[in-house]
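Read the figures in this text as sums done on the coordinates, not as results from a lab. The structure presented is a predicted model; accordingly, all values stated were derived computationally and were not measured. Don't worry about glycine lacking a Cβ; one is built from the backbone with ideal geometry, like all the others, and counts go over all protein chains shown.
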Amino acid sequence: MTFWDKIRSTFRYSWRISAELVGELIDYYFSTYPFLRVQGTLRRIRRHLGILWQKRGCGRSPIPEPVVNLIIDTKRSNLNWGSKRISQELALLGLTVSKETVRNILKYSGFCPPRLKFAPPSWSSLLSSYKRIFAMDFTCVIDIFGNQVFILVILDHLKRELIFLNAALSPSREWVSQQIRNFHFEYESPDAMIFDRDGIYGAWLGDYLLNHFLIVPLQTPVRSPWLNGRIERFHRTLKEELIHPLGSFDLAQIKRHFSAYRHEYNQTRPHQALGGRSPLKTRPAKIIFPWIRYEGTVKRKPFAD
């Protein structure tokens, strides 16, 4: 490429990138962070000038400019897509670009928000602030009559102990609150309870747990099942070890097997995360707290000295 070809390429590229920036700044909805977009445009022009005018040394060649433009155009057209999704879409077109490279290009171009100076705590740090955490979730199976059976599972998030199992054809708010009261007669109240955003929970469950049982509700964000991943993984274990071997079953039959499976799961079944031990062999002896009940509220009664 001759000197004048480089001049023309530099001018055309800078003009095109600046025109894209002006269009984004005019339509604010396509530019969530205008200042970052201006910075990203200047960085893209500087990157183009560096590739065009500087001598190439040893090492891997940079990502071709058409691929970079394709990544940016894809992000601009789909603002909800992340680096992994864009990398997968490029793979469908026969372009192999890792998600780390896509993330760096988006960050370099100003499409990633800046890090907050006082960011909210992460989910892992939030969970580490509680000593005893339970997780609650529903899973669904189909019985012999074609009915959808909803199975409520409560699991100890840290010890992997199966706390509670019960099923119903059409669970309601009253049914869920009764199941929570049922397992409290056997187990000490946890410090927090993890649950997702199922429609049956609504906004009442958090207030119910906090006001009646002094349990801090930890509701996962929207479309984030991995934040309650341990109980999501247990759903697969439950279906493979209990539901599928039964073959055909109805609601009454499956409920008769819950007690035996819970005993086997907690007493004898080895867990890889616990070093091959069962949950009850990794925790101290169970302490049952006495309860007092008044005005529909269950609270702890301290032990006498």
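Are there trypsin sites (Lys or Arg not before Pro) in the stretch 174-264 that DSSP marks as loop and that have at most 13 other Cβ atoms within 10 Å, and which are they?
Working: sites: Arg181, Arg197, Arg223, Arg230, Arg233, Arg236, Lys239, Lys255, Arg256, Arg262; in loops: Arg197, Arg223.
For trypsin sites (Lys or Arg not before Pro) across the stretch 174-264 that sit outside H, G, I, E and B with at most 13 neighbouring Cβ atoms in 10 Å, the list reads Arg197, Arg223.
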Exercise. Relative to the compact-globule scaling 2.2 N^0.38 Å, provide the ratio for the alpha-carbon radius of gyration of the stretch 123-300.
Key: 1.03
Quiz item: Does the stretch 75-157 classify as rounded, prolate or oblate by the C-alpha gyration tensor (a ≥ b ≥ c root eigenvalues; a/c under 1.5 gives rounded; else a/b over b/c gives prolate, otherwise oblate)?
Solution: oblate
Practice problem: Tell me the label-point distance for the pair Trp226, Arg262, using the 7 Å Cα-to-Cβ offset, in nm and rounded to one decimal. | Solution: 3.2 nm
Quiz prompt | For the stretch 132-254, size of Cβ-based charge dipole, Lys and Arg +1, Asp and Glu -1, in debye | solution = 280 debye
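Using a 10 Å cut-off around each Cβ, can you sort Val141, Val216, Val176 from fewest to most neighbouring Cβ atoms?
Numbers: Val141 19, Val216 15, Val176 24.
Ranking Val141, Val216, Val176 by Cβ neighbours within 10 Å, fewest first, gives Val216, Val141, Val176.
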Quiz item: Working out 0.36 nm times the residue gap between Leu79 and Leu246, then minus their Cα-Cα distance, what length gain in nm do you get to one decimal?
Solution: 55.5 nm
